[in-house]
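A.B. asks: Please see the structure below; I have some questions.
The values are calculated or read from the model by the stated rules, or taken from the named source; none is laboratory data. Everything numeric here is computed off the predicted structure, so don't read it as measured data. We place every Cβ from the backbone using ideal geometry, glycine too, and count neighbours over all the protein chains shown. Accessible surface areas use protein heavy atoms only, side chains included; no ligands, DNA or RNA. Shrake-Rupley method; radii C 1.70, N 1.55, O 1.52, S 1.80 Å.
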Amino acid sequence: MATKEQRKEYARRYLSKPETKAKRAKLSRDWRKRHREAFNKGKGEYRFRIKYAALKMYAGGEPQCVRCGFNTDVDGLCLDHINDDGSIHRKSLKISGRNNGVAGTTIYEIIKSRGFIEGLQVLCYNCNAIKEIRRKRGGISAEQYLSRLNSKIRWTK
């Protein structure tokens, strides 16, 4: 009779064969086609659980925006790169680009596997959008921008 280690080694070799990988991938695709609704429901629940866990970790408790304190709906919260270095960070993790099939939960999965990553904070989507707009404007607030441009704003009929 084979030992536990021998069984593990056999399974590792068997599962690493290209034909086994192809067969398992086809079985998985077929199952997802037959059980589309259950698959999508489970995927949605997983995404929510992993996002919520990451937000709790970075908030140090119940998730809330570090700028305005918004905490009434977790769906309105996200992780933000404090130093506006998200692009560099994603490239270093090899998850950069919108067209490479990377899902939005990838950063949460990386946090789950590696633990706390420095340089992230919890923001609501409004504060996140405002932060990005101000970054693109060179740090100028909407009020400053409006006062500077007010004489140039013309409404036409």
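A.B. asks: Which residues' amide hydrogens lie under 5 Å from the amide hydrogen of I82, considering only partners 5 or more residues apart or on another chain, with H built in the peptide plane?
C.D. replies: Residues meeting the criterion, in which the H sits 1.01 Å from N, are L120, Q121.
A.B. asks: What does the helix-only formula give at 222 nm for the chain: each DSSP H stretch with n ≥ 4 adding -39500 (n - 2.57), the total divided by the residues, and the result rounded to the nearest 500 deg cm²/dmol?
C.D. replies: -18000 deg cm²/dmol
A.B. asks: Let me ask something else about it. Give the accessible area for V66 in Å² (nearest 10); use a 1.4 Å probe, count only protein heavy atoms, and leave out ligands, DNA and RNA.
C.D. replies: 90
A.B. asks: Checking the a/c ratio against 1.5 first, then a/b against b/c, what shape does the Cα gyration tensor give for the chain?
C.D. replies: Values: a/c = 2.62, a/b = 2.31, b/c = 1.14.
Judged from the Cα gyration tensor, the chain comes out prolate (a/c at least 1.5, a/b above b/c).
A.B. asks: Below 17 Å, Cα to Cα, which lysines can K94 reach? Residues fewer than 8 away in the same chain don't count.
C.D. replies: K112
A.B. asks: Once you mark the chymotrypsin sites (Phe, Trp or Tyr not before Pro) that are in a DSSP loop and have at most 15 other Cβ atoms within 10 Å, what is the longest gap between them in the chain? Provide the component values of the computation, followed by the final result.
C.D. replies: Values: sites that count: F116, W155.
In the chain, the maximal stretch lacking such sites is 1-115.
A.B. asks: Let me ask something else. Please go through the range 22-131 and write out the trypsin sites (Lys or Arg not before Pro) that DSSP classes as loop and that have at most 14 other C-beta atoms within 10 Å. Spell out each step's value before the answer.
C.D. replies: Numbers: sites: K23, R24, K26, R29, R32, K33, R34, R36, K41, K43, R47, R49, K51, K56, R67, R90, K91, K94, R98, K112, R114, K131; in loops: R67, K94, R98.
In loop regions of the range 22-131 (DSSP not H, G, I, E or B), the sparsely surrounded trypsin sites (Lys or Arg not before Pro) are K94, R98.
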